[in-house]
1. Can you pull out every residue in the stretch 141-152 that is touching a residue at least 24 places away in the same chain (Cβ under 8 Å) and either under 21 Å from residue 179 (Cβ atoms) or in contact with a Leu (Cβ under 7 Å, 6 or more places away or on another chain) (or both)?
2. Has the stretch 126-135 got any residue that is under 30 Å from residue 198 (Cβ atoms), among the aliphatic types (A, V, I, L, M) and either touching a residue at least 40 places away in the same chain (Cβ under 8 Å) or out of contact with any helix residue (DSSP H, G or I) (no Cβ under 8 Å at 6 or more places or on another chain) (or both)?
3. Is it true that residue 167 is touching a residue at least 24 places away in the same chain (Cβ under 8 Å) and over 13 Å from residue 77 (Cβ atoms)?
4. In the stretch 179-204, how many residues are more than 24 Å from residue 99 (Cβ to Cβ) and either among the charged types (D, E, K, R) or in a strand (DSSP E or B) (or both)?
5. Being out of contact with any Lys or Arg (no Cβ under 9 Å at 6 or more places or on another chain) and either assigned by TED's automatic domain parsing to the domain that holds residue 172 or assigned to a loop (DSSP other than H, G, I, E, B) (or both) is the filter here, so list the residues in the stretch 73-100 that pass it.
6. Which of (1) surrounded by 14 or more Cβ atoms within 10 Å (Cβ to Cβ); (2) of a type in the set (A, V, I, L, M); (3) within 23 Å of residue 33 (Cβ to Cβ) does residue 179 not meet, given it meets every other one?
7. For the stretch 129-138, indicate whether the set of residues that are among the acidic types (Asp, Glu), modelled with pLDDT of 95 or more and not assigned by TED's automatic domain parsing to the domain that holds residue 173 is non-empty.
8. In the stretch 60-102, what residues are out of contact with any helix residue (DSSP H, G or I) (no Cβ under 8 Å at 6 or more places or on another chain) and among the polar types (S, T, N, Q)?
Amino acid sequence: MFSQHLSESMEMYLKAILEMNDRETATVGRLAERLGVTPVSANEMVRRLGEHGLSKHIPYKGVSLTEKGREVACNVMRRQRLWEVFLYDHLKIEWSKIYELACALEHATAPEVTEALAAFLGDPKTCPRGNPIPAADGSFAPLDGSPLNVVAVGSALRVVAVNATETDLLKYLQERNILPGSEIKVLEAAPLQGPLTLKVGEKEVALGLSLAEFIIVKGK
């Protein structure tokens, strides 16, 4: 498969673009922020992806995947999210750590291993963070919900998925029980882009808007 000839870095960029395109415009700046690299590095990688026919970059409008790029990105995402399921359900790895560990495994997983893993796991449809796992043909159902940072004060909600990827952010959410399936209520939104005050169980939790953006919720 074509993806076997790409570097780990290129695969990570493709996956990040796919994840972002589902919710927002994947500008070079936002892509750099998500991957923890400089805008210069992100711009250079986007150029390389374009040369491989995997992405298209329209200045001021962002980066999108070509059909070939989306195929590769879905394959990478499938491998990574299947490993998340295995690590969490079978090895009992801490929820906040599975994304980073799965990312290390995804790049060394041959296609036959991917499909054997899917069969072993019973062909799961979502990962432990609540995000869809692409099928072998690359298809997957989009998330049904809205980012927490745009919902109205007073809303009673259920967490559908968490799109954060950094271990420290996932740890922060885990410690406050903001996990897929958790029920929360928005009590207050501070002015001037201030934090949200949430009721999670019997506790009140303050959550910044930038982190709330990565939490997908739906009305109960």
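1. Restricting attention to the stretch 141-152, the residues satisfying the condition of being touching a residue at least 24 places away in the same chain (Cβ under 8 Å) are 142-149, 151-152.
Hits for the stretch 141-152 are 142, 143, 144, 145, 146, 147, 148, 149, 151.
2. Yes, the stretch 126-135 has at least one match.
3. yes
4. So the answer is 10.
5. 91, 92, 93 - these are the residues of the stretch 73-100 that are out of contact with any Lys or Arg (no Cβ under 9 Å at 6 or more places or on another chain) and either assigned by TED's automatic domain parsing to the domain that holds residue 172 or assigned to a loop (DSSP other than H, G, I, E, B) (or both).
6. Among (1) surrounded by 14 or more Cβ atoms within 10 Å (Cβ to Cβ); (2) of a type in the set (A, V, I, L, M); (3) within 23 Å of residue 33 (Cβ to Cβ), the lone unmet condition for residue 179 is (3).
7. Scanning the stretch 129-138 turns up no residue that is among the acidic types (Asp, Glu), modelled with pLDDT of 95 or more and not assigned by TED's automatic domain parsing to the domain that holds residue 173.
8. 66
The values are calculated or read from the model by the stated rules, or taken from the named source; none is laboratory data. Bear in mind that the values here come from a model prediction, so they are computed numbers and not experimental data. Glycine gets a Cβ as well: all are built from the backbone with ideal geometry, and neighbour counts include every protein chain shown.
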